[in-house]
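Structure first, commentary second.
No lab work stands behind these numbers, since they all come straight from the coordinates. Just so we're clear, the structure is a prediction, and the values are computed from it rather than from any experiment. Counting neighbours? That spans all protein chains shown, and the Cβs are built from the backbone with ideal geometry, glycine included.
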Amino acid sequence: MSIRGKDVFSGITLLLFGFLACFTSSEAAIKKYQFDIQVKNVSRLCHAKPIVTVNGMYPGPTVYVREGDSVLVNVTNHAQYNMSIHWHGLKQYRNGWADGPAYITQCPIQTGNSYTYNFNVTGQRGTLWWHAHILWLRATVYGAIVIMPKQGTPFPFPQPYREQTILLGEWWNSDVEAVEKQGNQLGLPPNMSDAHTINGKPGPLFPCSEKHTFVMEVELGKTYLLRIINAALNDELFLAIAGHSMTVVEVDAVYTKPFTTESILIAPGQTTNVLVQANRVPGRYFMATRTFIDAPIPVDNKTATAILQYKGIPNTVMPALPQLPAPNDSVFALSYNQKLRSLNSLQFPANVPLKVDRNLFYTIGLGMNSCPTCVNGTRLLASLNNISFVMPQVGLLQAHYFDMKGVFTTDFPDQPPSPFNYTGAPLTANLRTSASRGTRVSKIAFNSTVELVLQDTNLLTVESHPFHLHGYNFFVVGTGIGNFDPAKDRIKYNLVDPMERNTVGVPTGGWTTIRFRADNPGVWFMHCHLELHTGWGLKTAFVVEDGPGSDQTVLPPPSDLPPC
Ligand code: C2O
């Protein structure tokens, strides 16, 4: 059976379980979607403006599948921009060709051309998302991926009555690509966003946006599953619902030990599933989202709102605002992230690598390189181990698979060039703010276990960085503030039930350690999911070698893989 996203779903429809049960009653299926990349005039905020969309929708259609399904998404590019789509969090075993980051696993789909992303959804269930993976186009080109558990496999938490996808985004009144370009020309951060959005709408706190409020209707006494996605380009966000607590049950399509909280914290790239009980005095309640920032950096601090509305309550009832943590509440942030634990049950074990074959230590730095044409004579950039990544002209995966020379080097260092007081006073740290540039990656032996410590630095400024690894989930075994101390910090690792996920925040002026088993051959991008920093070079890739078995090698490329 095949379902075409644009026919069946409008991204913001409440999905009825009864309805789902009848179209997914068979075993593994092939789900087909048509994604037409179109520039459409979308009426949002105070005026209508043309934006790049999938099928004219903002946010785009939900890809709705079941664990075990095969998915075919034909993307046809009718826009003037080159395009590629990434299925954020899908592991794409042996199949980097369907991963999507432009110039890493494919060349972009050029105007007038098509490419079919062909992948299986194996061993994963929960909420993920898809987005454009080229320039800043993901500002408007994104949508949810919902993976239902296999037929007959219940959730490991009480069955919700209904569910709802909640996509948090960032909106610019002017053309996003022009904003990005201008920033690059000046060598400065581009203009910050004009609004945050919930399911594409900023809510009534934003001037002249009364019509543009997302409303979710609930029935008294029922439980709802919210599938929350942070699709913002640059802002880590808090989210809360007035009067209602939330029970976190899953992040990044991995079940968690349930815990109840008044607010969640979600970084760009991450997803969070929560249960909400409609058990308050029937009325209207605001759901609100606002930026978390504990570094001295200007950000869009506007609050976006949506409304939780009990059935039968008129629109004239004024909703109350929830209490969000203070914008710089790092204590909340640390303790919230500490609460995230893998379920680690018999059915969903946490297979944490206990022995490490390869130890990596990467410093995260911001910096400035000289730029005679820029306003200050310098251009801001960002680096890992003092290397600012340069995008190649052809896909790295092709270069790896066909053994093309001269595209990348595999000499990305396992350690920074020299140790320093990473999070010390800016004066000492900033003696070394310029970085070398190159398309340098790290080669990883098949099936080896990797420990990677990501260390924030005070080069220019400390800041928190959500790091995303393609092709894998990893375990977040430790995190802390200050400089990572191998002797003191390694013994404190959680190797029992650490959170398994695909995107993790490195705290401001701190470090985070992840572990994973390199059992997925291919070329896998790793980058800060703040688009600003990705653009500045805060990225690299792992080349994971083929294994000995015939089913442990990168699959041959599909025949319609876009040419450069
Ligand atoms: Cu969600 Cu490389 O991205």
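Please label the shape of the stretch 87-159 as rounded, prolate or oblate, based on the square roots a ≥ b ≥ c of the eigenvalues of the alpha-carbon gyration tensor (a/c under 1.5 means rounded; beyond that, a/b larger than b/c means prolate, else oblate). Prolate, because a/c is 1.5 or more and a/b exceeds b/c. Here r is the Cβ-Cβ distance between Asp485 and Thr111 and R0 is 41 Å; the resulting FRET efficiency, rounded to 0.05, is 0.20. Remark: relative contact order (the chain) = 14 percent; criterion is Cα-Cα distance under 8 angstrom and separation of 6 or more residues.
With charges only on Cβ, +1 for K and R and -1 for D and E, what is the dipole size of the stretch 162-338 about its Cα centre, in debye, rounded to 20?
So the dipole magnitude of the stretch 162-338 works out to roughly 660 debye.
As a proxy for reagent exposure, ranking Leu354, Leu90 by other Cβ atoms within 10 Å from fewest up yields Leu354, Leu90. About the Cα centre of the stretch 358-552, how large is the charge dipole given +1 on each Lys and Arg Cβ and -1 on each Asp and Glu Cβ? Please answer in debye to the nearest 20. Its charge dipole is roughly 420 debye. Note on the stretch 358-552: Kirkwood hydrodynamic radius from all Cα pairs is 17.3 Å, rounded to one decimal. Projecting the Cα atoms of Gln151, Val218, Phe420 onto the dipole axis of the chain, where Lys and Arg carry +1 and Asp and Glu carry -1 at the beta carbon, places Val218 farthest toward the positive end.
Positive end of the dipole of the chain (Cβ unit charges, origin at the Cα centre): among Ala320, Tyr310, Leu495, the Cα lying farthest that way belongs to Tyr310. A simple spin-label model places the labels of Phe259 and Leu354 2.5 nm from each other, with each point 7 Å out along Cα-to-Cβ. State whether the chain is rounded, prolate or oblate according to the following rule on the C-alpha gyration tensor (a ≥ b ≥ c being the square roots of its eigenvalues): a/c under 1.5 gives rounded; otherwise a/b larger than b/c gives prolate, and the remaining case gives oblate. Cα axes put the chain in the rounded bin.
In the chain, taking the dipole from charged Cβ atoms about the Cα centre, the farthest positive-side position among Gln164, Gln270, His465 is held by Gln164.
When each of Met83, Met499 is scored by the number of other beta-carbon atoms lying within 10 Å, the sequence from fewest to most is Met499, Met83.
With +1 on each Lys and Arg Cβ and -1 on each Asp and Glu Cβ, and nothing else charged, work out how big the dipole of the chain is about its Cα centre, in Debye to the nearest 20.
Numbers: 42 positive and 40 negative charges, 109 e Å.
Once rounded to the nearest 20, the dipole reads 520 debye.
Multiplying the residue separation of Glu219 and Leu186 by 0.36 nm and removing their Cα-Cα distance gives an extension gain of 6.7 nm. Pairs of Cα atoms nearer than 8 Å and 6+ residues apart set the relative contact order; for the stretch 291-448 it is 20 percent. Per-peptide packing, taken as the mean over residues of other Cβ atoms within 10 Å, places 508-518, 272-282, 371-381 in the sequence 508-518, 272-282, 371-381 from highest down.
Put in order of Cβ neighbour count within 10 Å, fewest first, the listed residues Val146, Val121 become Val146, Val121.
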